[in-house]
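The values are calculated or read from the model by the stated rules, or taken from the named source; none is laboratory data. As the structure is a prediction and not an experimental result, all values here were calculated from the model. Quick reminder, even Gly has a Cβ in these numbers, built from the backbone with ideal geometry, and neighbours come from all protein chains shown.
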Amino acid sequence: MKKFLQRILRTPIARLADKYSSRPDKARVHEALSQLHKAILTKQTKKGEIVQFNAKVDKFIVLSDQHKGAKNGSDDFAIAEKNYLAALDYYYTNNYYYINLGDSEELWENSLSDVKKFNQETFEKEKKFLERKAFTKIFGNHDLYWDNDPLAPFEIQKLYGEKVCVQEGIILQTSIEDESLQIFLTHGHQGDIVSDGNWFSKWFVSNVWAPLQSYLALNPNTPAYDDHLKTTHNKFMYEWTALQSNIILITGHTHQPVFESLTLFERLYQQLNIAKETRNDKEINRIEAQIKMKNANKNISVDFSDYKPSYFNSGCCCFSDGDITGIEIAEGMIRLVKWEYVADIPTRILLEEVELDIFIED
């Protein structure tokens, strides 16, 4: 009976998932971000906090989208777990504040009890940050449980050994050259009509929609493999922050790393356009070789030079090769980093970095 239902329902349900989850509405995205940002600043929400920090001294690591599962065939986190654990050791030892940006637990496909049972070591390492008051946990659409289940506060207290208020967003505030700079962080599912609607839609996605996709063997946790150009959702997030002043926005959700409003491939395209303008044949050949190596389209003609460098995406901690990506804020810099296996040893690799003071507008 299960196979019969999967056969007849999988296609229409997959189409519905694509329609409502993959096509966010720009107006909804912008309205949701504006409302959350204002609510945190004016302290109109209990699920948002403001943290003042010294850009030259304080250090933050932002990791998202672990999707911790039950160590079964559909557990996307299992292969990346060693990288994640090594990263947590590194950031704890180096006195970073850890912001977990949502979808940490894959609760669309698994029960909370199974996730807890098979991920005890990761929870223990996260707990170490909490014990020194250097941990913020934000909920996403795959772990909406932390936001809308009445038992969630009790369960998370059991998990970490103390009370934890799981947030919807956090604003880091600092001063650079006597100018205020805000770093606004949230998971990034804002504007998703399924998982960012009213209380009924949130209950529906947690208790009906997610279990239905799991039953039909649909994978609702697919990273953005086509990372040459920004996903629609990332574009809408960027367009919101481009309208703001002295605000950096950092999200997760799409599993697509974005740095200074561009994907890594878009930055290559930008460099290629510059090389062509200056007729630097050596540089043109070098960049085109990189693009070809990644099976990207070297004929993309979009001009990326006008993008305001104000949007970042942490990527995810469940890439199919075991890599994880994250955003570091430290020593007056913001960095995109990757942890990958080098001879089976988790290794931190710096991908991009830029000074925070470039985000202060004249």
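Observations on the model:
- Of all residues in segment 331-354, exactly one satisfies the criterion of being more than 16 Å from GLU260 (Cβ to Cβ), in contact with a Lys or Arg (Cβ under 6 Å, 6 or more places away or on another chain) and aliphatic (A, V, I, L, M), namely ILE349.
- Inter-residue pairs, beta-carbon under 8 Å, first in contact (Cβ under 8 Å) with a residue 12 or more places away in the chain and under 10 Å from LEU262 (Cβ atoms) and in segment 305-321, second part of a loop (DSSP other than H, G, I, E, B) and among the β-branched types (Val, Ile, Thr), 6+ apart: none
- Residues of segment 17-50 satisfying the condition of being over 30 Å from SER180 (Cα atoms) and either modelled with pLDDT of 55 or more or of a type in the set (Asp, Glu) (or both): ASP18, ARG23, PRO24, ASP25
- Scanning segment 51-88 for residues that are at pLDDT 95 or above, closer than 19 Å to GLY140 by Cα and among the aliphatic types (A, V, I, L, M) yields ILE61, VAL62, LEU63.
- Any hit, segment 251-271, residues being at pLDDT below 90, basic (Lys, Arg) and assigned to a loop (DSSP other than H, G, I, E, B): no
- Those residues of segment 175-206 which are at pLDDT 55 or above and not in a loop (DSSP other than H, G, I, E, B), in sequence order: SER175, ILE176, GLU179, SER180, LEU181, GLN182, ILE183, PHE184, LEU185, THR186
- Hits in segment 81-127 (condition: closer than 15 Å to GLN157 by Cα and without any contact (Cβ under 8 Å) to a residue 40 or more places away in the chain): SER113, GLN120, PHE123, GLU124, GLU126, LYS127
- Count - residues of segment 155-173 that are out of contact with any Asp or Glu (no Cβ under 8 Å at 6 or more places or on another chain), polar (S, T, N, Q) and either part of a loop (DSSP other than H, G, I, E, B) or closer than 25 Å to GLY315 by Cβ (or both): 1
- Taken residue by residue, segment 297-307 has at least one member that is small (Gly, Ala, Ser), closer than 22 Å to THR231 by Cβ and either at pLDDT 85 or above or not in a helix (DSSP H, G or I) (or both).
- Any pair with Cβ under 7 angstrom, 6 or more apart, that starts in segment 154-174 at a residue that is more than 15 Å from GLU124 (Cα to Cα) and ends at one that is among the hydroxyl-bearing types (Ser, Thr, Tyr) and at pLDDT 95 or above: GLN167/THR136; GLU168/THR186; GLY169/THR186; ILE170/THR136
- Residue within segment 164-174 that is at pLDDT below 95, of a type outside the set (Lys, Arg), over 20 Å from the mean Cα position of the chain (by Cα) and closer than 24 Å to TYR90 by Cα present: yes
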